[in-house]
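Below is one structure, written out as structure tokens; the observations come after it.
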Amino acid sequence: MGLPTYPESYWLATVGMPSYGKLEKDLEADVAIVGGGIAGLTTAYLLAKEGKSVVLATAGKLLGGTTGYTTAKLTAQHDLIYDEYIAHFGEERAKRYYEANMEGLAFIRQLAEEANIDCDLVEEDAYVYTNAESKIASVEKEYEAYKRLGIPGALEEKLAIPVPARLAVVMHNQARFHPVPYLKHLTEQFVKLGGRIFENTTIDKVEENGGSVTVTTADGRRIDCRDAVSCSHFPIPDSGFYFARLHAESSYAIAVRAPGELPKGMYISAEKPNRSVRTITYGGEKLLLIGGESHKVGQSEPGFRHYEALEAFARTEFGATDIVYRWSAQDFEATDKMPYIGPVSGGKKHIYVATGFRKWGMTTSVVAAHLLTDLIVGRGNRYADLYDPSRFHADPDLKTLVSQNVNVAGQLIRGKLEWLRRKPEDLGPDEGGLVRVDGRKAGAYRGPDGELIVVDTTCRHMGCEVEWNDGDRTWDCPCHGSRYTYRGEVIEGPAKKNLERLN
Ligand SMILES: Cc1cc2nc3c(=O)[nH]c(=O)nc-3n(C[C@H](O)[C@H](O)[C@H](O)COP(=O)(O)OP(=O)(O)OC[C@H]3O[C@@H](n4cnc5c(N)ncnc54)[C@H](O)[C@@H]3O)c2cc1C
Ligand code: FES
């Protein structure tokens with residue numbers, strides 16, 4: 001059937017979102033927000049409602065980051081996590097995590113209802129299911145955790161979808177929606193409240209000097225403000241060793257046509273390769289959205305295999321007839337699996353961060369927006385300690401931190417030693433990979449029309465070697481998740497500069 005090429009192939013995209021110009025002159029504001037995804041927009045909206053003068057700057061277009069490529073389940077069921085959170089953070093904090101995310105869901109639902117936003121918000125139960133003997137005990141333990149924390153749920157032996165499953169833990173009263181109409185409304189309200197938005201504005205530096213903050217764009221424009229919030233996925237500035245405490249995970253998704261009544265409920269498997277299933281309504285048509293195949297960015301088999309695996313699952317289990325859309329995206333995960341929301345580091349009182357949503361940022365972004373707004377206006381917030389980026393829990397955080405750094409060091413070395421035999425002339429149409437040019441290693445892609453684009457494969461963040469992703473025609477960095485188009489343009493940080501072009 002032939003898969004469309006990146007980046008035309010996503011369903012949520014930015015269709016219908018308003019457009020804004022680039023920041024062309026220096027500005028002053030109470031608060032500068034970096035990042036035009038759900039976290040940045042919701043924070044900007046809440047701060048503007050508090051009467052703050054707010055500027056939001058984002059690289060690329062609004063919703064052009066992970067928010068535009070999400071699967072948009074609105075749930076506090078974030079895989080199998082509560083049993084682990086109880087063990088690691090204690091019962092009281094695990095319960096607060098659940099409550100925070102249910103409040104996030106309630107906020108979205110209430111705003112969508114009050115403003116009558118047509119965003120396909122449907123209440124559904126959420127399931128984590130398993131067909132693997134090795135995961136049965138984990139699913140049972142998760143349900144025990146639900147009971148201890150008072151989470152409405154159940155254990156089920158049969159699912160309403162035709163996938164092989166022996167056991168599932170269900171969380172009741174969750175939801176799904178389409179984030180674009182919802183965030184379009186939020187954006188318009190923000191602008192009505194006096195908020196200013198700048199697209200195609202990459203922020204290079206965020207610096208705190210005494211009681212004020214200067215945010216500087218890659219073009220040298222300045223926003224002088226009292227507070228700044230980095231909702232840019234990877235924090236700016238990286239003054240809290242985030243490169244060692246966060247890693248980026250890629251996931252793939254396809255939207256398919258399938259015969260018969262589409263199932264109710266939202267599903268995710270406990271085992272890998274993971275599978276996520278929900279129904280969407282797009283352009284008046286009901287489609288099945290299948291996601292999964294998660295892996296660390298830049299550390300996997302060829303990208304197209306992940307799409308093939310999802311396609312095979314959709315055909316075998318649901319009788320899917322055709323693939324309408326496909327896309328991939330990534331999200332950051334903290335070493336202890338708890339998002340980082342709060343002051344970017346102990347020494348900085350006016351720079352805040354919201355990241356590490358672990359592919360569950362729809363509700364957590366709303367939690368972040370309320371928490372950061374409270375911190376900036378000087379109110380208390382009952383979740384501040386839970387998400388505090390300065391927390392340090394030696395076990396298992398330390399162990400993961402060490403193994404993550406060993407993993408990154410391995411990637412640095414492996415990339416540098418890779419032996420290259422291929423020349424650019426060897427590449428066929430629509431083919432990319434590592435090649436040797438003038439005796440040195442380079443990355444090349446030959447377009448379908450024969451155009452050859454050659455880039456330096458040294459990542460502009462900290463110098464790891466980027467890997468070719470043939471599923472999306474991108475260069476992906478295995479160290480901290482930066483991604484670049486085949487032309488070398490940054491799609492996703494922490495890198496802020498494009499790969500160097502060699503031709
Ligand atoms: C495949 C997939 C499926 C998912 N499904 C779900 C789901 O079902 N439910 C759920 O709750 N969550 C889900 N998530 C997670 C959720 O989509 C994300 O957590 C959320 O969208 C993150 O929002 P954000 O605003 O933090 O980031 P983003 O939407 O990525 O926004 C960050 C913005 O910052 C900008 N930026 C970055 N660097 C700079 C810079 N230097 N200067 C200026 N701007 C910059 C980017 O351009 C981008 O616009 C999924 C994630 C993936 C990858
Ligand atoms: S993302 Fe850090 S070195 Fe590439």
Problem set entry | Ordering of 318-330, 214-226 by packing [mean C-beta count within 10 Å, highest first] | 318-330, 214-226
Problem set entry | Spherically averaged projected area in nm², based on the convex hull that wraps the Cα atoms of region 417-492 | 4.9
For this session: In debye, nearest 20, what is the charge dipole magnitude of the chain about its Cα centre with +1 on Lys and Arg Cβ and -1 on Asp and Glu Cβ, if you could check?
Result: 620
Exercise. What aspartates and glutamates sit close enough to K49 to cross-link, taking a C-alpha to C-alpha distance under 20 Å and skipping anything fewer than 8 places away on the same chain?
Worked result: E28, D30, E103, E113, E114, E188, D227, D374
Exercise. Leaving out ligands, DNA and RNA but keeping every protein chain, what accessible area does S482 have, in Å² rounded to the nearest 10, with a 1.4 Å probe?
Worked result: 0
Problem set entry | the chain - percent of accessible surface contributed by carbon and sulfur, probe 1.4 Å | 50
Exercise. Can you tell me the accessible area per residue over the chain, all protein chains present, probe 1.4 angstrom, in square angstrom?
Worked result: 40
Exercise. Across 10 Å bins from the origin, how do the percents of Cα pairs in the chain run, short distances first?
Worked result: 4, 19, 30, 28, 15, 4, 0
Problem set entry | Segments 29-37, 130-138 sorted - mean Cβ within 10 Å per residue, highest first | 29-37, 130-138
Problem set entry | Two-site FRET efficiency, A132 against E91, from Cβ-Cβ distance with R₀ of 25 Å, rounded to 0.05 | 0.35
Exercise. Ignoring ligands and nucleic acids, what accessible area does Y98 show with a 1.4 Å probe (Å², nearest 10)?
Worked result: 30
Exercise. Which value, in debye to the nearest 20, gives the size of the charge dipole of region 78-235 about its Cα centre, when Lys and Arg are +1 and Asp and Glu are -1 at the Cβ?
Worked result: 260
Seminar exercise, completed: Free-by-geometry Cys in the chain, Cβ-Cβ under 4.7 Å as pairing rule, reported as C119, C225, C231
Exercise. What is the magnitude of the charge dipole of region 417-492 about its Cα centre, with +1 placed on the Cβ of each Lys and Arg, -1 on the Cβ of each Asp and Glu, and no other charges, expressed in debye to the nearest 20?
Worked result: 300
Seminar exercise, completed: Between the modelled labels at D388 and T321 (7 Å from Cα along Cα→Cβ) the distance in nm is 5.7
Seminar exercise, completed: Straight-line reach check, K286, cutoff 26 Å on alpha carbons, 8 or more apart in-chain or any other chain, hits among lysines -> K73, K158, K184, K264, K359
Seminar exercise, completed: Excluding residues fewer than 8 positions from K423 in its own chain, the lysines with Cα under 30 Å of it are K296, K441, K496, K497
Seminar exercise, completed: FRET efficiency for D426 and E500 from the Cβ-Cβ distance with R0 = 35 Å, rounded to 0.05, comes out at 0.95
Problem set entry | Most to least packed among 172-178, 377-383, 17-23 [average Cβ atoms within 10 Å] | 172-178, 17-23, 377-383
Problem set entry | Relative contact order (%) - criterion: Cα under 8 Å, at least six apart; region: the chain | 17
Exercise. How far is the Cα center of region 177-242 from the Cα center of region 336-377, in Å?
Worked result: 13
Problem set entry | Antiparallel %, DSSP beta bridges [both residues in the chain], to 5 | 80
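The values are calculated or read from the model by the stated rules, or taken from the named source; none is laboratory data. No experiment lies behind these values; they were computed from the predicted model shown. Methodologically, a virtual Cβ is constructed for each residue, glycine included, from the backbone with ideal geometry; neighbour enumeration extends over all protein chains shown. Side chains included, ligands, DNA and RNA excluded: accessible areas come from the protein's heavy atoms. Shrake-Rupley method; radii C 1.70, N 1.55, O 1.52, S 1.80 Å.
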